[in-house]
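Novice: First, the structure itself, so that you have it in front of you.
A short reminder: the numbers here are calculations on the coordinates, not readings from a lab. None of these values were measured; they are calculated from a predicted model. With ideal geometry, Cβ positions are generated from the backbone for all residues, glycine too; neighbour counts draw on all protein chains shown.
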Amino acid sequence: MIRHRLLIIYGIMLVSFTTYISLDTFVLASAYQSDAGRPNTSMFADGSVKSLDLEEDTTNEQVIDMSEDSQSADTPDEISADTDAADTAKGEGKSTGTGKSRKHSGRGKTSTKADSSETGDNDATASATQNTDSQQVTPAENEAGKIGSFTSDDAKISLTKYDYEGTAVYVADVTLSSAEYLKTAFASGTYGKNITQTTSSMASDNSAVLAINGDNYGSQEAGYVIRNGVVYRDEAGKNDVLCIYADGSMEVIDPSEYTAQELVDKGVWQAFSFGPSLIEDGSVAVTQSDEVGKAKASNPRTAIGIISDLHYLFVVSDGRTDSSEGLSLYQLATFMESLGATAAYNLDGGGSSTMVFKGEVINNPTTSGNSIKERKVNDIVYIG
Amino acid sequence: MTLSTLDDRSKEMFESAFGQLLFAFFCGLFGAVYEIFSHEVYSYFMIYAFAIPLIFGVIIPFVLLRFTGMRVTGHAMSVLNMAIVTLTVGCIFRGVLDIYGTTNRMIIVYPSVSAILFVLAVCIYMLMQIGSDRAG
């Protein structure tokens, strides 16, 4: 009898603890710092951080509706390119040979894209065309069309949709006059745990021209969080860290080599802890078997890449729908490489993957699997 | 050999093993169904959740019985079952966290408590053996 009572009491304790830890992980919100996201203005020469204004847009183009209902008319025939053989040969060994202490980047790299950027030609299609030598798939061939653009004195954004490997991929080709326009924001302006907001809502709150979801820092308990030049979390995680510098360059670093404060002292304007690194030194850095955690094969993805200093690619792919299968990390890396990216980094994907341009959700986020609905996330990366 | 022909201690052990076997299959089924609804994201911890009650609650007790004649019963068995269930629940929860792509430091409580309970079960078993030797 005592044994049975003991077992019942222990069972209740076990269920109670499991309920608590579940709530702590998924539900209970903890604000560590409200009014977060204020920029470290000392990182820029004039001691201020300026913002873009949608009113500055000189293109006056309407964003083409790319929602699920209208896609059939816009999407061209499916591509039939098969990259398996070349992919295997190219991909294997790339990520293994780098080692833990490697330090690769797009910093100071020169490429054909850099040249095109300097001449003002930052169109993604042009990028792809220039990089066809080593590619079997030419994204330009799969281009579904321009969705929209934004042009001002300080920013030029060209948004294009591709149909790649049976998946709708949205690419924002961004050229800035200064990295101060590449910003990040926390949900509700608060750094904390389980504090979430949709990407579009955060984009609206921050008057973003273009926004994508970030690394969802709140889902991890470790990993540097440096946003707008301010350190919010200085505990190193296991993942490599993407650093975007105030000079507009980008680098993926091993967090064991630097503290978060050292990174800020080096000029890191934004740092993300998710990964993996997709492209290093202009080459694909993942193999076909690499995945985020235990995720398999194809998924919606979000990634950010750099072609040359101040010239970025924001990429979001659909997935988990009948019209878009999704991409593997290797496919995503290969795609971005073909666009001319010299460095690229994977951000939070799956149902979180969302791109917002001029206030409209461009892709088809899949929060609960089959339904098209925006998921609430912890943070965004935006141009604004 | 049927359950009705066994002595009380063996019967208790068989009942416990049967319960752990059902628990193992439930965990296996739960893990499989969970992965179906998680867009093919998987976690090895879902497999561990199936294997732990099967190995520690069924296979090892019967191996010990077969080769050493050891029968873990009474309070020792109850505490051992608590340890197995705790570790298994911890594995399921870790699997859920893996699949969701998140972490929680408090998850260390499961293996820690489980280890303490396991040591406690061994101690209780040894005390019971010493007691029965003295009585014998």
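Novice: Going down the list A:161/A:238; A:238/A:266; A:156/A:183; A:183/A:266, which pairs span over 23 Å between their C-alpha atoms? Please list the in-between numbers first.
Specialist: Numbers: A:161/A:238 33 Å; A:238/A:266 21 Å; A:156/A:183 15 Å; A:183/A:266 18 Å.
Beyond 23 Å between Cα atoms: A:161/A:238.
Novice: If r is the Cβ-Cβ distance from residue A:7 to residue A:323 and R0 is 56 Å, what FRET efficiency results, to the nearest 0.05?
Specialist: Working: r = 52 Å, r/R0 = 0.93.
The formula returns an efficiency of 0.60 here.
Novice: Could you run the Karplus curve 6.51 cos²θ - 1.76 cosθ + 1.60 with θ = phi - 60° over the stretch A:41-53 and give me ³J(HN,Hα) per residue in whole Hz, x for Gly and Pro?
Specialist: Coupling constants for the stretch A:41-53: 5, 5, 6, 10, 4, 8, x, 9, 10, 8, 10, 7, 10 Hz.
Novice: Going by how many other beta carbons lie within 10 Å of each one, how would you line up A:259, B:86, A:25, fewest first?
Specialist: On the way: A:259 15, B:86 26, A:25 21.
Least to most surrounded, the residues fall as A:259, A:25, B:86.
Novice: To continue, here is another question. Using Cα atoms only, what is the angle between the long axis of helix B:8-36 and the major principal axis of chain B, expressed in degrees (0 to 90) to the nearest 10?
Specialist: Here the helix axis deviates by roughly 10 degrees.
Novice: How far apart, in nm, are two points set 7 Å out from the Cα along the Cα-to-Cβ line at residue A:48 and at residue B:133?
Specialist: 8.6 nm
Novice: Cβ neighbours within 10 Å, averaged per peptide: list A:260-268, A:279-287 in order, most packed at the top.
Specialist: The packing order, highest mean first, is A:279-287, A:260-268.
Novice: Can you give me the long-range amide H partners of residue A:215? Hydrogens built in the peptide plane at 1.01 Å from N, cutoff under 5 Å, separation of 5 or more residues or another chain.
Specialist: Here A:348 satisfy the definition.
Novice: In peptide A:18-26, how many Cβ atoms from other protein chains are near each Cβ within 10 Å, on average? Before the final figure, lay out the partial values.
Specialist: Details: counts 7, 0, 1, 9, 4, 0, 3, 9, 5.
That works out to 4 on average.
Novice: Could you work out the relative contact order of chain B? I mean the mean sequence separation of Cα pairs under 8 Å and 6+ apart, divided by the number of residues, in percent.
Specialist: Details: 130 pairs, mean separation 34.9, N = 136.
Answer for chain B is 26 percent.
Novice: Among B:104, B:43, B:82, which residue has its Cα furthest toward the positive end of the charge dipole of the stretch B:7-125, with +1 on Lys/Arg Cβ and -1 on Asp/Glu Cβ?
Specialist: B:82
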